[in-house]
Amino acid sequence: MNFQNIFKLNMLFIFVVILLTIIGIFSLYSAADGSYYPWAIRHAIRFCILFLLMVLIALTDLKKIFKYTYLFFFLSLLLLFSVELIGTFGKGAERWIWIFGVSIQPSELIKITLILSLSKFYHSIKFAHIGHISKLFIPFFIIAPPFLLVFFQPDLGTSLSILLLGIIIMFISGIRIWKFFLGIFISLISIPFLWNYIKPYQQNRILSFLNPESDPLGQGYQLIQSKIALGSGGLTGKGFLEGTQSYLEYLPEKQTDFIFTLIGEEFGFLGTIFIISLYSILILICFYTSMKSYHIFGRILSLGVASNLFLYILLNMSMTIGLMPIVGIPLPLLSYGGSAMLSIMITFGLLLNVDINYRIIKMK
């Protein structure tokens with residue numbers, strides 16, 4: 001660990017991360033009706049701790065991370081499998097395990113090692129051989145086990161994000177696009193089969209997404225209230241602490257899944273565009289880091305971090321405005337939740353590490 005590299009950290013990236021977190025703290029303050037308890041203060045404490053972790057990861061020897069990548073993936077997969085044995089229930093799914101008195105969601109952590117493992121695999125093979133059928137087996141065995149484990153927990157939203165993340169990384173690594181169309185076709189014809197394996201409450205979520213007005217006081221309630229809150233915000237919003245939908249408790253899960261809706265109601269269209277702009281800056285920095293990296297591992301890793309962040313944002317915002325079913329995906333740095341913040345801050349640390357060590361030519 002080289003502490004001299006601390007001066008090489010991308011300060012613009014760090015500034016945007018801190019700014020988004022501050023916005024998240026004040027949004028959680030608003031969600032608690034003008035109180036720092038219970039969400040805002042915990043969110044701030046978690047960020048301070050995880051910010052230090054992010055910096056430490058950024059200063060760690062990148063070659064050591066590269067060396068033990070597959071070990072990290074195996075350990076995270078064991079952690080995910082342990083959910084089946086000692087997991088605790090939450091909102092219909094066995095998602096959490098307790099380690100030293102702290103609850104952790106392994107399905108969030110597996111995304112980190114998935115990015116690392118695929119980055120290392122595609123770094124180690126020649127570009128001309130990437131599309132060969134024999135080179136698809138290892139990525140399949142990296143993506144399929146965590147996807148299936150999370151799908152059958154059941155956690156439809158996170159399993160979908162894991163699958164999409166793996167597919168995106170394969171695509172940016174050079175896999176031919178026709179193979180993805182084949183995969184999409186197979187996925188579409190398998191929907192009737194998979195439908196029987198998802199829980200009734202998940203089926204109801206999908207049906208309510210297609211027609212939320214069919215059950216306005218039940219499964220369609222969240223989506224209808226989210227649309228009302230966003231629409232009532234108008235151009236500039238109702239003002240901080242003035243969101244009637246959230247204050248009158250019409251907006252459920254406003255501290256987690258629907259934090260974006262709360263911001264839209266209080267700060268309007270301009271406020272949501274500002275949030276999207278900040279996320280866009282982070283994603284653009286990821287792309288810039290990828291382009292300047294001398295090694296394939298860093299290039300794919302940076303794009304993997306960008307893809308992971310983009311999926312969080314896309315899935316969360318899409319479900320709040322009714323473009324997809326409500327699947328319980330948090331909004332990074334804004335939503336309340338420890339595991340998602342832990343996962344995203346670790347990936348940010350890896351990105352900053354690549355940004356510092358982009359000149360490395362050989363990875364062993």
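Under 18 Å from the mean Cα position of the chain (by Cα), modelled with pLDDT of 95 or more and surrounded by 18 or more Cβ atoms within 10 Å (Cβ to Cβ): is that true of PHE310 in this structure? In short, yes. Criterion first (among the small types (Gly, Ala, Ser), surrounded by 24 or more Cβ atoms within 10 Å (Cβ to Cβ), assigned to a helix (DSSP H, G or I) and modelled with pLDDT of 95 or more) does GLY298 satisfy it? Yes; evaluated as a whole, the condition is true for this residue.
Within region 63-91, residues that are at negative phi and of a type in the set (S, T, N, Q) reach partners that are at pLDDT 85 or above and surrounded by 14 or more Cβ atoms within 10 Å (Cβ to Cβ) with beta carbons closer than 6 Å, at six or more positions or on different chains, in the pairs THR69/LEU116; THR69/SER117; THR69/LYS120; SER76/LEU109; SER76/ILE110; SER76/THR113. Scanning region 313-333 for residues being over 12 Å from the mean Cα position of the chain (by Cα) and in a loop (DSSP other than H, G, I, E, B) gives a total of 7.
Return the residues of region 318-333 that are at pLDDT 95 or above and either in contact with a strand residue (DSSP E or B) (Cβ under 7 Å, 6 or more places away or on another chain) or surrounded by fewer than 24 Cβ atoms within 10 Å (Cβ to Cβ) (or both); say none if nothing qualifies. Answer for region 318-333, where residues must be at pLDDT 95 or above and either in contact with a strand residue (DSSP E or B) (Cβ under 7 Å, 6 or more places away or on another chain) or surrounded by fewer than 24 Cβ atoms within 10 Å (Cβ to Cβ) (or both): there is none.
So which residues in region 40-70 are among the basic types (Lys, Arg) and closer than 28 Å to LEU334 by Cβ, if there are any at all?
If we filter region 40-70 for residues that are among the basic types (Lys, Arg), which is where we start, we get 42, 46, 63-64, 67.
Once the filter is applied, which keeps residues that are among the basic types (Lys, Arg) and closer than 28 Å to LEU334 by Cβ, region 40-70 yields ARG42, ARG46.
Residues that are closer than 12 Å to LEU342 by Cβ and among the hydrophobic types (A, V, I, L, M, F, W, C) were ranked within region 38-52; the one that is surrounded by the fewest Cβ atoms within 10 Å (Cβ to Cβ) is ILE49. Here's a check for you: in region 346-364, which residue that is among the hydrophobic types (A, V, I, L, M, F, W, C) and surrounded by fewer than 24 Cβ atoms within 10 Å (Cβ to Cβ) is nearest to the chain's Cα centre (by Cα)? The residue in question is ILE346. The criterion of at least 3 residues that are modelled with pLDDT under 65, of a type in the set (S, T, N, Q) and surrounded by fewer than 21 Cβ atoms within 10 Å (Cβ to Cβ) is met by none of the helices (runs of 4 or more DSSP H) wholly inside region 197-253.
Look at ILE125 and say whether it is modelled with pLDDT of 80 or more, out of contact with any strand residue (DSSP E or B) (no Cβ under 6 Å at 6 or more places or on another chain), closer than 25 Å to LEU350 by Cα and not in a helix (DSSP H, G or I). Full working, then the answer.
Working: modelled with pLDDT of 80 or more: yes; out of contact with any strand residue (DSSP E or B) (no Cβ under 6 Å at 6 or more places or on another chain): yes; closer than 25 Å to LEU350 by Cα: yes; not in a helix (DSSP H, G or I): yes.
So ILE125 passes the test.
Does THR256 satisfy being among the β-branched types (Val, Ile, Thr), in a loop (DSSP other than H, G, I, E, B) and either more than 24 Å from the chain's Cα centre (by Cα) or buried (at least 20 other Cβ atoms within 10 Å of the Cβ) (or both)?
Judged against the criteria, THR256 is a match.
Selection within region 1-36: residues that are surrounded by 19 or more Cβ atoms within 10 Å (Cβ to Cβ) and hydroxyl-bearing (Ser, Thr, Tyr). The member of this set that is nearest to LEU278 (Cα to Cα) is THR21. Residues that are of a type in the set (A, V, I, L, M) and surrounded by fewer than 24 Cβ atoms within 10 Å (Cβ to Cβ) were ranked within region 259-274; the one that is farthest from the chain's Cα centre (by Cα) is LEU270. Can you find a residue in region 285-294 that is part of a helix (DSSP H, G or I), of a type outside the set (Ser, Thr, Tyr), in contact (Cβ under 8 Å) with a residue 40 or more places away in the chain and more than 19 Å from SER117 (Cα to Cα)? Yes, there is a match, as at least one residue in region 285-294 is part of a helix (DSSP H, G or I), of a type outside the set (Ser, Thr, Tyr), in contact (Cβ under 8 Å) with a residue 40 or more places away in the chain and more than 19 Å from SER117 (Cα to Cα).
The values are calculated or read from the model by the stated rules, or taken from the named source; none is laboratory data. Keep in mind it's a predicted model, so treat the numbers as computed, not measured. Note that each Cβ is placed from the backbone with ideal geometry, even for glycine, and that neighbours are counted across all protein chains shown.
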